[in-house]
Amino acid sequence: MPSALAEKHCAPVPAGTAPLRGDALRRLAAETPKWEVISEHELRRKFAFPDFASALQFVNAIGAIAEREQHHPDISLGWGKAAVTTWTHSVNGLSENDFILAAQIDRLPQAS
């Protein structure tokens, strides 16, 4: 079942806002099960592709989402692979925006 998070949009998170922790973090993580929560600080997912061109196309699609949402992940690209890491810089940790971005990336056809 697709996450309802994918239908939401990122919103500015003011500096000083507490990052997600505990039950709130676990609840959102359950909606993006293909993503790994790293040290309650960031989300990461790795993707595999048959070639460089497919991986690049996927990374460009992520870039379009990131620009639209104004929430920009770190992306690593290599032959047949890409990795995405996201966190909210203004809170130095995770916010709902990271899970929204992850859910939207998961909707890309190449992500399945």
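The values are calculated or read from the model by the stated rules, or taken from the named source; none is laboratory data. Owing to the predicted nature of the structure, the values given are computational and were not obtained by experimental measurement. Cβ atoms come from the backbone with ideal geometry, glycine included; neighbour counts cover every protein chain shown. Heavy atoms of the whole protein, side chains included, go into the accessibility calculation; ligands, DNA and RNA do not. Shrake-Rupley method; radii C 1.70, N 1.55, O 1.52, S 1.80 Å.
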Checklist entry - Ignoring ligands, DNA and RNA, what percent of the 1.4 Å accessible area of the chain is carbon and sulfur? => result 56 percent
Checklist entry - Using a simple charge model, +1 on the beta-carbon of Lys and Arg, -1 on the beta-carbon of Asp and Glu, nothing else, what dipole does the chain show about its Cα centre, in debye to the nearest 20? => result 160 debye
Checklist entry - So for the pair A24, E7, with labels modelled 7 Å out along Cα→Cβ, what separation do we get in nm? => result 2.3 nm
Checklist entry - Given the rule -39500 (n - 2.57) for each run of at least 4 DSSP H residues, summed and divided by the residues of the chain, what is its mean residue ellipticity at 222 nm, to the nearest 500 deg cm²/dmol? => result -11000 deg cm²/dmol
Next on the checklist: Starting from the 7 Å offset along Cα-to-Cβ, what nm value, one decimal, do you get for the label separation of N60 and S90?
Outcome noted: 3.1 nm
Item to check | For I75, solvent-accessible area (1.4 Å; no DNA, RNA or ligand), Å² | outcome: 70 Å²
Checklist entry - For A48 and E69 in one chain, what is 0.36 nm times their gap in residues minus the Cα-Cα distance, to one decimal in nm? => result 5.1 nm
Checklist entry - How high is the relative contact order of the chain, given as a whole-number percent (alpha carbon pairs under 8 Å, six or more residues apart)? => result 39 percent
Checklist outcome for this item: F58 neighbourhood, Cβ < 13 Å, K/R = +1, D/E = -1, net charge +2
Checklist entry - Can you list the aspartates and glutamates whose alpha carbon sits under 12 Å from that of K8, skipping same-chain ones fewer than 8 residues off? => result E69, E96, D98
